[in-house]
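Scroll down for the structure; my scribbles are underneath it.
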Amino acid sequence: MQKNKTEHYRSIYKKNEAKYLESFKEYVRFQSVSTDPAPEYLKGCQDCAEWVSKQLKNLGFKGRVVDTIG
């Protein structure tokens, strides 16, 4: 049974591989270094957080961005 599930998900991945790869490339383009407090990374971190929240919502999850001080 497990093999059938694995094959099922593998086939879904293969059918959508190009889309998944483009999505990953979009994600890693964000200039977001969350451990660096420099102002030049703030917008990138915020944009990245919004993008991730949108992706989660598109998958049916509840997602939101929460501002923090650090």
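The values are calculated or read from the model by the stated rules, or taken from the named source; none is laboratory data. Since the model is a prediction, treat every value here as computed from it, not as a measurement. Methodologically, a virtual Cβ is constructed for each residue, glycine included, from the backbone with ideal geometry; neighbour enumeration extends over all protein chains shown. Calculation scope for accessible area: heavy atoms of the full protein, side chains included, ligands and nucleic acids excluded. Shrake-Rupley method; radii C 1.70, N 1.55, O 1.52, S 1.80 Å.
Overview of results
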{"read-out": "Selected from Val65, Ile12, Tyr41, residue furthest toward positive end of dipole (the chain; charges at beta carbon)", "value": "Ile12"}
{"read-out": "Per residue value of the accessible surface for the range 3-70 (all protein chains in place, 1.4 Å probe), Å²", "value": "91 Å²"}
{"read-out": "Accessible surface ranking that places the most exposed of Asp67, Asp47 first, with a 1.4 angstrom probe", "value": "Asp67, Asp47"}
{"read-out": "Helix 2-28 vs. the chain, principal-axis angle (Cα, 0 to 90°, nearest 10)", "value": "30 degrees"}
{"read-out": "FRET efficiency, 1/(1 + (r/R0)^6) with R0 35 Å, evaluated for Glu7 and Cys45 via beta carbons", "value": "0.35"}
{"read-out": "Nearest 10 degrees, 0 to 90: helix 42-58 Cα axis against the chain principal axis", "value": "30 degrees"}
{"read-out": "Structure-derived Cα extents along the principal axes in Å - corresponding label in [x] 40, 29, 17; [y] 50, 23, 18; [z] 38, 20, 15", "value": "[y]"}
